[in-house]
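Below you'll find the structure, written out as structure tokens, and then a few comments.
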Amino acid sequence: MAHLVLLILLLLSPGALCVLPAPFNVTIVSFNLEHSLHWLAAPKTPPAARFRVHYLHLSDVSWTPVPWCSEVEGKESSCDLTDSFSDSSSFYVVRVQAFRFSQSSNWTHSATFNPILDTILGPPQVSVSGCGNCLRLQITPPTGRALQHFDSRHLLSEFTCRVHRSRDHIEFTLRVSSSEEVLIEYLEPGVEYCVTAALSVTFNTRSVPSEPHCTYTSPAPVNTVPVMLSLLCLACLLGALLCGSFLYSGSILCLPKQLPMMLASIPAEVPAAHAAAPEPFSLVTVLPAEPVDCPCPWITLYSSGEEEEEGEEDEEEDKVLCTTAAVLATVPEPKNVTVTSVNFGVVLEWESPRDAPGNLTYSAEFWIYSSGFTPGYRNINKTRCDFTKYLTAFGLYKFRVRAELQEETSPWVETPEFSIDKHTHIGAPTVKLISKEGNIEMEIQDPDMRIRKLRDVYSKVSYNIRYWKEDEADEVSMLNDQPQNRVVLLQLEPWTRYCVQAQVYIPFPEKSGEFSKAMCETSTTDGKVKPWVTALVMLGSMVVVMGTVMVLFLAAWYGYTAVKFIYPSVKLPEHFKQYLIEPPHSYIFLAMQNSPQPEEQCHEVFIVSEEAESSATVEGTPPQP
């Protein structure tokens, strides 16, 4: 009878009525605070089955149905839960059930979901433009139906930007705010940079970066060399054509077109040998006529900085069971107890009391607000101990130390409250210099911190930079509050040695780190040729080319004229040749060659002027010779 009752109870139980298979793979997908529930129907789920969705606020005790998801159809279904998860900081659980008529499946639950922590933040909107040696950057948060009604929208105003230089793939990061336009200064002019941005939220690391937005800091320089070379070639070609046309037309370097006077005076017919005496003619020396020399126009056309870090000394911790001892005034207390912190490392230091015995030991403890004093070191014989491994970068701490001599102890000596993020000393960063194209580029690396990274503790980290000429240390130039770790120093004198230092600057809480060691580098020229130098070189090149062309033309032409003069292509007429080759037939000429030298005859000649003759006629005397 008992077995029959148990069988009836099992048949009447709710589990016995669940004949439908439960859905599976129930997940919540959230993008920009717009939440969507997705699930899959089991393989044996009937086609007519429907699905219902409930959600539970973890602060409540009852499930709440989603009205618009009470009868969802399909094997791959979804449900919009954006309006259901109204409190973005609370935790929720969702369940899905399949049903058909009076049959239903078991509930399938999702994982715990928090809207603000588990959503994926989309890419922000980025606008970037060049301004010479800088970039103007404007970033706005992502948009969406849920983000517009987000109560804590101010939390979505910080962004992490990655600036990438396309030429050599050098990049740096910085954090900016969407409330104002950001000016990224001291970049290399005329170079393309690409910027990507993503939301920087401490409580949510699942943000999608934007697409790269690329621009030049200044317009890309135009390469004028091909244009100048084309003009030079064109000018040379025109000059060669001009000279060739002049030569071809006979305007310059022309041979005389008339025969010499000697040849022009030769008669067309040569007299025979027995002919009468020809008419006399004058002997003329035949000289070659020089060609007219016509003028030809010329066409003118950045060692690493030292990092100061407190070295950790090897400390042996003797952990022993200490019994409670009465505080006796015979053991003096430690003196000058101080806390020093460098790069988030915390060290407690003190001085031994005067006339302290050699076997005096110490114990040190640290205090946390939530748990009070906690033992740190026991029975050490050194006057310093490192508490870094016990602490975090945030929170308030106190420390105390006492001296111990066997079973006797001194009173505790406590320090004031200490906050690592406020009181730590920031060490010097590492600086590297690269000199190129007349500029010096700095690469700054944050100092190594002992607990966490510097930018994980402080929301904004920037740098103060100072530089000067090596031989003029009194004239120092400053660049304050630079957000990027790559800075280009512009407008430097060429071939001058500059020295650079950098320090970390924290705006809040305001503090400045230690300056790095001075690094020096020599600047170079910018590698760009001045326009007037380019024009002068091109002009000189044109003159040289045109001069070479003209010399070749002149050499070829004068060689041609010399060959033509020596070996003329036009033959003399036959009567010219006969006249020039045969002996002369002039009787006067033959008589002059064969007759002897005639005798000279002299006669007395008187030359009397008219005045002497007239005076002699008057006086009646003969004139005198």
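The values are calculated or read from the model by the stated rules, or taken from the named source; none is laboratory data. Not measured: the values here are computed from a predicted model. Note that each Cβ is placed from the backbone with ideal geometry, even for glycine, and that neighbours are counted across all protein chains shown. To get the accessible areas, we keep the full protein, side chains included, count just its heavy atoms, and leave off ligands, DNA and RNA. Shrake-Rupley method; radii C 1.70, N 1.55, O 1.52, S 1.80 Å.
Just a few scattered comments:
- Taking each residue as 0.36 nm, the span from Thr112 to Asn25 lengthens on full extension beyond its C-alpha to C-alpha distance by 29.9 nm.
- For a label point 7 Å along the Cα-to-beta-carbon line of Ser129, residues of segment 192-212 with backbone N under 17 Å: 193, 195
- Between the alpha-carbon centres of segment 377-401 and segment 161-177 there is a gap of 40 Å.
- Amide H partners (placed H, <5 Å) of Thr496, local residues excluded: Ser523
- 5 angstrom amide H check on Cys131, placed H, neighbours 5+ away: Arg136
- Backbone HN-Hα couplings from phi across segment 87-97 [Karplus 6.51/-1.76/1.60, Hz, Gly and Pro as x]: 9, 6, 9, 8, 10, 9, 10, 10, 10, 10, 9
- Ranked order, Tyr216, Tyr567 - accessible area, probe 1.4 Å, largest first: Tyr567, Tyr216
- Calculated FRET efficiency, Glu351 to Ser89, Cβ-Cβ distance, R0 = 56 Å: about 0.65 to the nearest 0.05.
- Here the 3J(HN,Hα) profile of segment 510-517, calculated from phi with Karplus coefficients 6.51, -1.76 and 1.60 at θ = phi - 60°, is 5, 7, 10, x, 8, 5, 6, 5 Hz, Gly and Pro shown as x.
- Each of the peptides 83-93, 424-434, 512-522 was scored by the mean count of other Cβ atoms within 10 Å over its residues; in descending order, highest first, they stand as 424-434, 512-522, 83-93.
- Built amide H within the under 5 Å cut-off of Glu514, gap 5+: Ile426, Gly427, Ala428, Val504
- Rounded Å value of the spacing that divides the Cα centres of segment 334-370 and segment 464-529: 40 Å
- Calculated FRET efficiency, Asn359 to Glu475, Cβ-Cβ distance, R0 = 41 Å: about 0.10 to the nearest 0.05.
- In segment 391-505, lysine pairs with alpha-carbon atoms under 21 angstrom apart (chain gap of 8 or more, or interchain): 6
- His35 - accessible surface, heavy atoms, 1.4 Å probe, Å² rounded to 10: 10 Å²
- Across segment 190-196, computed HN-Hα scalar couplings (Karplus, 6.51 cos²θ - 1.76 cosθ + 1.60, θ = phi - 60°) run x, 10, 7, 10, 10, 10, 10 Hz from first to last residue, x flagging Gly and Pro.
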